[in-house]
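Just below is one structure, and these are the notes that go with it.
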Amino acid sequence: MSLPLSDQERRKQISIRGIVGAENVAELKRGFNRHLHFTLVKDRNVATPRDYFFALAHTVRDHLVGRWIRTQQHYYERDPKRIYYLSLEFYMGRTLQNTMINLGLQNACDEAVYQLGLDIEELEEIEEDAGLGNGGLGRLAACFLDSMATLGLAAYGYGIRYEYGIFNQKIRNGWQVEEADDWLRHGNPWEKARPEYMIPVHFYGRVEHTAGGTKWVDTQVVLALPYDTPVPGYMNNTVNTMRLWSARAPNDFNLRDFNVGDYIQAVLDRNLAENISRVLYPNDNFFEGKELRLKQEYFVVAATLHDIIRRFKASKFGSTESVRTVFDSFPDQVAIQLNDTHPAMAIPELMRVFVDIEKLPWNKAWDITKRTFAYTNHTVLPEALERWPVDLVEKLLPRHLEIIYEINQRHLDHIASLFPNDVDRLRRMSLIEEGGTKRINMAHLCIVGSHAVNGVAKIHSEIVKSEVFRDFAELEPDKFQNKTNGITPRRWLLLCNPGLAEVIAEKIGEDYVRDLSQLAKLHEFVDDDLFIREVAKVKQENKVKFALYLEKEYEVKINPSSMFDVHVKRIHEYKRQLMNCLHIITMYNRIKRDPVKLFVPRTVIIGGKAAPGYHMAKMIIKLINAVAQVVNNDPVVGSKLKVIFLENYRVSLAEKVIPATDLSEQISTAGTEASGTGNMKFMLNGALTIGTMDGANVEMAEEAGEENLFIFGMRVEDVAELDKDGYNAQQYYDRLPELKQAVDQIQSGFFSSDEPDLFRDVVDMLFHHDRFKVFADYEAYVKCQEKVSELYLNSKAWTKMVIRNIAAAVHPRPAPGPCLTPLSLQLYLHPQAPRSNGRTSMGLSVYYIQQ
């Protein structure tokens, strides 16, 4: 009888983290010591752990450089169509471990660092997150870069090198306090400044119309300095580039014209120009119409388009002379994806370059522009849609305002010709919103200026077509598509959950890492007792590890066999952390009512940042912490229920909590969450989902079968019905005793005895202006949670459901077409190609090209 393999034996047998050759390890050790000596100028007697991290990072980076240069050479020689992903956010997280995995160096580095007497995990923890994003939109951009590199596509990410990323969140006395994220303080080993490609960007000034054409004159100039970061594909020798722009004042800034004689002040004023790339705006799903933000949006767009056109004109590697001077082939060589409306000024900017500088006739310039751009919509919340005041645009970008007016005039003339006398339609479809402050609707500009528009989940794309942009979809139905978001399985499985990745590889081989559709093979092992035990064992190991982390960080003793019920995402009313909070209070009251009754132990973990100016979100954080304070210190409750608010949730913390999660909370009001991607990360890592039929949850339930998720609550149609009838929170409060008790406790100061009125705003909102209808779904949510607890008692049945979820974590391949690539890559590689039926792979990298 053969005994089951021990963990160590199994890992010796198979590894998807790279081969360990003695010469490989020796070379890494030499590189490490060389960098410690020559780059960091330290020896082992005085080196700090941070020095060791930098030595390792530089050693790993050395292995990227040759591939990076060769990849770029290859693109110049082949001159393929290039993909430009324009985004104001790239939420990259840490780079070291991801690079080791994608280069197949992880095990060799492990061994080398071990032989040097160091702990690689300790070194990895020293790296700062590159927190250049708020949430899903910025993390999607990062996943896309990994994906496109793994597919070997000639793709570039373009954004801003913010000096300060998303703030660090501290919880003090239960309140969120923001601290600046000085992530570059110790330097960034992964970036390379490229001052030779510095580009001037213009602001303000005035427009002159002359016989020789239109000129934008008397502008203020800010220089855009590019920093390049390598983006390695998984085990394919491709290394693409993310280029982030930093603002620099020109040397004659404020010295030429005024401030003559006040040299010191002129030099100090350089900060004003350089503030453009100082800090990321910390808003998620909210538009803040500040001049600095518009400057950031135009800054990234102008510098990027200058770069794109320079690259289009250049002939071969290393050449700077312009060879292509005709722009007819531009859309065949260049695809620009706009990640939401933040880079929308790219449309008038490209028109300005074509018409004013390259002297193309308007119609030709417009045709090329439309065929070049595609636009991804990320939200249907009205407060998130960008609507810039005309006065501000006129002051900052006077020529662009003229171009937008011209685009709008031609657009409206076209509509009027199709729908004569329909004034209301013209008003609805105009790029300019009249009435009160005149504003430019940036989503309308993106739709009119692009050849393809996509939502980010099937249900979201339907809402985009049938509600938000209905008039536009009626006019050009083929322009509107669905591309369901995805995640990269490298970071979100291999890196963060090596135990699970190994267990899967043992059953189905290693190719799933590049092609997640192969996970479907796991369906064969749903009833395999050994596999069930192994999956459960990995989850338990992850939970024990995370429990130790929580004990160290929060000094709370966690029961690792309790259900880890996790709700991590930005704090927003639509995401309904409040509903989770009401459920916690309900569980607490049930335990207090009958302490001896069987209760399935839970550790409820909630985390996420609130925008600094979002009062209600900050109150929600305070409430969660106040409830935690009471629950965690009640001896009657003991270890049955614990509540933890995870401080400073970010990419590197997601990598720790997601693999340890049993239950994933995805409970937004139906019709509000465009897609969600955390939902997919949890699914891939062996958590079960409790959720509404919203965003990508709908497609997850379709793939895995609704019976394998805990789906509850109103559907989109029910929400619409309730809106029509009028939502009355009071009736739920009157009808549901447990809801009444929980709300009364919040209102009476049970959780805030020092300040009984503390949560009055929260309660007022829930009763009188809750757009997201928490009370309406409360009862269904609590009942669904009871089903969750019941299943959790049966470990085997739970794990079988987990395996069914992992096996369904990717859409089936669409029917073969001329060339089907994941997600919105389809939009720009083959704008005319037949589209699939809207079923896309859910992981970005997802995965495949069918030729």
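Using 1/(1 + (r/R0)^6) with R0 = 41 angstrom and r between the beta carbons of S329 and A416, what's the FRET efficiency to the nearest 0.05?
Numbers: r = 33 Å, r/R0 = 0.82.
The formula returns an efficiency of 0.75 here.
Given the options P489, P189, G638, identify the residue whose Cα lies farthest towards the positive end of the charge dipole of the chain (+1 on Cβ of Lys, Arg; -1 on Cβ of Asp, Glu).
Sorting the options by dipole projection puts first P189.
Might you report the magnitude of the Cβ-based charge dipole of region 15-136 about its Cα centre, with Lys and Arg at +1 and Asp and Glu at -1, to the nearest 20 debye? Walk me through the intermediate numbers first.
On the way: 14 positive and 18 negative charges, 118 e Å.
The calculation lands at about 560 debye.
Quick one: accessible surface of C496, probe radius 1.4 Å, all protein chains present, in square angstrom to the nearest 10.
Looks like 20 Å² after rounding.
Taking 0.36 nm per intervening residue step and subtracting the Cα-Cα distance, what contour gain separates A180 from E434 on full extension? Don't skip to the end; give the middle numbers.
Numbers: separation 254, 0.36 × 254 = 91.44 nm, distance 3.84 nm.
Length gained, A180 through E434: 87.6 nm.
Could you name the lysines in cross-link range of K29, using Cα to Cα under 24 Å and dropping any fewer than eight places away on the same chain?
K12, K42, K192
Cross-link partners among lysines for K800, C-alpha distance below 20 Å, same-chain residues fewer than 8 apart left out?
Within reach: K507, K521, K537, K539, K543, K681, K787.
As a test of reading the structure, rank K552, K800, K395 by solvent-accessible area (1.4 Å probe, protein chains only), most first. Walk me through the numbers on the way to the answer.
Numbers: K552 145, K800 45, K395 105 Å².
Largest accessible area first, the residues go K552, K395, K800.
What number, in percent, do you get for the relative contact order of region 571-655 if the mean sequence gap of Cα pairs under 8 Å and at least 6 apart is divided by its residue count?
Numbers: 86 pairs, mean separation 32.9, N = 85.
Reported relative contact order: 39 percent.
With the other protein chains left in place, how much accessible area per residue, in square angstrom, belongs to the chain at a 1.4 angstrom probe? Walk me through the intermediate numbers first.
On the way: 33010 Å² over 851 residues.
Spelled out: the 1.4 Å probe surface of the chain, per residue, equals 39 Å².
Normalised by the empirical 2.2 N^0.38 Å for globular proteins, what value does the Cα Rg of region 294-448 take? List each step's numbers first, then the result.
Details: Rg = 16.5 Å, N = 155, 2.2 N^0.38 = 15.0 Å.
Relative to the 2.2 N^0.38 Å estimate, region 294-448 comes out at 1.10.
Please state the relative contact order of region 283-417 as a whole percent: Cα pairs under 8 Å, 6+ residues apart?
Working: 117 pairs, mean separation 39.8, N = 135.
Averaging sequence separation for qualifying contacts and normalising by length gives 30 percent for region 283-417.
With n ≥ 4 as the cut-off for DSSP H runs, can you work out [θ] at 222 nm for the chain, using -39500 (n - 2.57) per run divided by the number of residues, rounded to the nearest 500? Kindly include the intermediate steps, with their values, before the conclusion.
Numbers: 33 runs with 368 residues, N = 851.
That calculation yields -13000 deg cm²/dmol at 222 nm.
I'd like the accessible area for R61, computed on protein heavy atoms only with a 1.4 Å probe and all protein chains in place. Round to 10 Å², please.
In the full protein context, R61 sits at about 50 Å².
Please give the solvent-accessible surface of W190 in Å², to the nearest 10, using a probe radius of 1.4 Å with every protein chain present.
Ignoring ligands and nucleic acids, W190 comes out at about 10 Å².
If you take the alpha carbon radius of gyration of the chain and divide it by 2.2 N^0.38 Å, what ratio comes out, to two decimals? List each step's numbers first, then the result.
Working: Rg = 27.5 Å, N = 851, 2.2 N^0.38 = 28.6 Å.
Ratio of Cα Rg to 2.2 N^0.38 Å: 0.96.
Sequence gap at least 6, Cα distance under 8 Å: using those rules, report the relative contact order of the chain to the nearest whole percent.
Details: 1540 pairs, mean separation 106.8, N = 851.
Averaging sequence separation for qualifying contacts and normalising by length gives 13 percent for the chain.
Mind checking which of W388, A346, L426 is farthest towards the positive end of region 328-428's charge dipole, using Cβ charges of +1 (Lys, Arg) and -1 (Asp, Glu) about the Cα centre?
Projecting each Cα onto the dipole axis, the largest value belongs to L426.
Going from most exposed to least, what order do L272, L646 have by accessible area with a 1.4 Å probe?
Working: L272 110, L646 0 Å².
If we order L272, L646 from most to least accessible, we get L272, L646.
Under 1.5 on a/c is rounded, so check that first for region 601-662, then, if it is not, pick prolate when a/b is larger than b/c and oblate when it is not; a ≥ b ≥ c are the square roots of the alpha carbon gyration tensor eigenvalues.
On the way: a/c = 3.40, a/b = 1.22, b/c = 2.79.
Since a/c reaches 1.5 but b/c is at least a/b, the shape of region 601-662 is classed as oblate.
If the only charges are +1 at each Lys and Arg Cβ and -1 at each Asp and Glu Cβ, what is the size of the charge dipole of region 386-514 around the Cα centre, to the nearest 20 debye? Present the calculation step by step, with values, prior to reporting the outcome.
Working: 18 positive and 20 negative charges, 49 e Å.
Dipole size: approximately 240 debye.
Test of understanding: extend the Cα→C-beta vector of E121 to 7 Å, then name every residue of region 507-539 with backbone N under 18 Å from that spot.
Of the residues in region 507-539, 537-539 have backbone N under 18 Å from the label point off E121.
Can you send over the carbon and sulfur percentage of the accessible area for the chain, probe radius 1.4 Å, protein chains only? Intermediate results must be reported in sequence, preceding the final value.
Values: 16860 of 33010 Å².
Of the solvent-accessible surface of the chain, carbon and sulfur hold 51 percent.
When a/c is below 1.5 the answer is rounded, else prolate if a/b is larger than b/c, else oblate, so apply that to region 465-595 with a ≥ b ≥ c taken from the square roots of the Cα gyration tensor eigenvalues.
On the way: a/c = 2.31, a/b = 1.17, b/c = 1.98.
Cα axes put region 465-595 in the oblate bin.
Could you tell me which residue out of L500, V526, V323 lies farthest along the dipole of the chain toward its positive end? Charges go on the beta carbon: Lys and Arg +1, Asp and Glu -1, centred on the Cα centre.
V323
So how much slack lies between H209 and D761, counting 0.36 nm per residue of separation and subtracting their Cα-Cα distance, in nm?
On the way: separation 552, 0.36 × 552 = 198.72 nm, distance 5.50 nm.
Net length gain for the segment: 193.2 nm.
What FRET efficiency do you get for K81 and Y405 if R0 is 45 Å and r is their Cβ-Cβ distance, rounded to the nearest 0.05?
Working: r = 32 Å, r/R0 = 0.71.
The value I calculate is 0.90.
Using Cα centres only, tell me the gap between region 434-459 and region 496-563 in whole Å.
After rounding, the separation between the Cα centres reads 42 Å.
In what sequence, largest accessible area first, do R399, R428 appear using a 1.4 Å probe?
Working: R399 20, R428 90 Å².
So the residues, ranked largest to smallest area, are R428, R399.
Rounded to the nearest 20 debye, what is the charge dipole size of the chain about its Cα centre when +1 sits on each Lys and Arg Cβ and -1 on each Asp and Glu Cβ?
Numbers: 102 positive and 113 negative charges, 268 e Å.
Rounded to the nearest 20 debye, it is 1280 debye.
Determine the gain in length on full extension of the stretch A22-S795; use 0.36 nm per residue of separation and subtract their C-alpha separation, reporting nm with one decimal. Intermediate results must be reported in sequence, preceding the final value.
Values: separation 773, 0.36 × 773 = 278.28 nm, distance 4.27 nm.
That pair, A22 and S795, stretches by 274.0 nm at full extension.
Could you tell me the center-to-center distance, by alpha carbons, between region 743-805 and region 188-241 in angstrom?
Centre-to-centre (Cα) distance: 48 Å.
The values are calculated or read from the model by the stated rules, or taken from the named source; none is laboratory data. Quantities reported herein were computed from a predicted structural model and do not represent experimental measurements. A quick note on method: Cβ atoms are made from the backbone with ideal geometry, for glycine too, and the neighbour counts reach across all protein chains shown. Keep in mind that these areas ignore ligands, DNA and RNA; they rest on the heavy atoms of the full protein, side chains included. Shrake-Rupley method; radii C 1.70, N 1.55, O 1.52, S 1.80 Å.
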